[in-house]
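S.K.: Please find one structure pasted underneath; my questions will follow.
A short reminder: the numbers here are calculations on the coordinates, not readings from a lab. These numbers come from a predicted model, not from an experiment. With ideal geometry, Cβ positions are generated from the backbone for all residues, glycine too; neighbour counts draw on all protein chains shown.
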Amino acid sequence: MEVLSHGTLLDGRLRYRQFRQGYRTGLEPVLMAASVPARPGQRILEGGCGAGAGLMCLAWRVAGITGIGVERDARTAALAQTNFNDNGLDRLRAACATLPDLPAIADFPLQGGGFDHAFANPPWHRTDASASPDPRRDIARRVVANDMLNVWVRSLGRQVRHHGTLTLALPAASLDAAIASMRAHGIGSIRLIPFWPKAGRPARIVLVQGRVGGRGDAALLPGMTLHRADGHFTPEADAILRDGAPLDAG
């Protein structure tokens, strides 16, 4: 039996379990959840949802949303559903599938466009990088094909309605490919939100958010410094990571 760790999200507001070994949830799902401009009653899709942290944080901030998380690893998808249920988030569901394939359920109409927003933290480790000794961590982080980011953008973007948003959390090295892929698939009005680990350091995480059918110019937003010099979170980061505050993506 695999060992689980028992923790919380948003300063104890949500109970959260994840596998002790393998891929561990970082800051990206919480930051993405803060940036999605969802409203009550809207439908949200997350690609590669892991144990469900992103959808849970978004559902806590915006009551009344319906969310589906797609996860490649069956055991992780089952754990995400357990986390949803344990927190009374009965409008969230996890489904096991590997993008670009999606579950054969009514939530994914053949013509697409069934969701108001989608978000994901796609795998980004190169195909020739050293493999992780833990298979689940390798699945979560490794690019298995050279066009994998493009596949995720196309697959998720197709499910979003006109003028809905697609948000990706990526390393800075993937920005060129992400922007080109979004534009190739009709996603524009792109906003870039960098996150610096400390003042004066290069950004390690960048959120890329575009609108399906958007025609506006790309914009680089002010971004956020995550840690103070002493290693503690900045007040701005604390507001998101502990209090579930929204992040304005413009």
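S.K.: Between D230 and H162, what FRET efficiency comes out of the Förster formula 1/(1 + (r/R0)^6) with R0 = 45 Å and r the beta carbon distance, rounded to 0.05?
M.R.: That pair, H162 with D230, gives E of 0.45.
S.K.: Now a separate question. Quick check on the exposure proxy: order R215, R43 from fewest to most C-beta atoms within 10 angstrom.
M.R.: R215, R43
S.K.: Report, in cubic angstrom per residue, the convex hull volume of the C-alpha atoms of segment 167-216.
M.R.: Dividing the Cα hull volume of segment 167-216 by its residue count gives 63 Å³.
S.K.: Would you work out which of G50, V70, P40 lies farthest towards the positive end of the dipole of segment 39-81, given +1 charges on the beta-carbon of Lys and Arg and -1 on that of Asp and Glu, about the Cα centre?
M.R.: The residue sitting most towards the positive pole is P40.
S.K.: What's log10 of I(q)/I(0) for segment 1-100 at q = 0.15, 0.25 Å⁻¹, Debye sum over Cα points only, no solvent?
M.R.: Log10 I(q)/I(0), no solvent term: -0.52, -1.51.
S.K.: Divide by every residue of the chain the summed helix terms, -39500 (n - 2.57) for each DSSP H run of at least 4, and state the resulting mean residue ellipticity at 222 nm, rounded to the nearest 500 deg cm²/dmol.
M.R.: Helices in the chain give a 222 nm mean residue ellipticity of -7500 deg cm²/dmol.
S.K.: Can you give the FRET efficiency for C96 and R242, using 1/(1 + (r/R0)^6), R0 = 41 Å, r = Cβ-Cβ distance, to the nearest 0.05?
M.R.: The computed FRET efficiency comes out at 0.85.
S.K.: Starting from one equal scatterer on each C-alpha and no solvent at all, send me the Debye-based log10 I(q)/I(0) for the chain at q = 0.10 Å⁻¹, two decimals.
M.R.: -0.44
S.K.: Please compute the net charge surrounding G52, taking Lys and Arg as +1 and Asp and Glu as -1 over other residues with Cβ under 12 Å from its Cβ.
M.R.: That sum, taken over residues with Cβ under 12 Å, equals 0.
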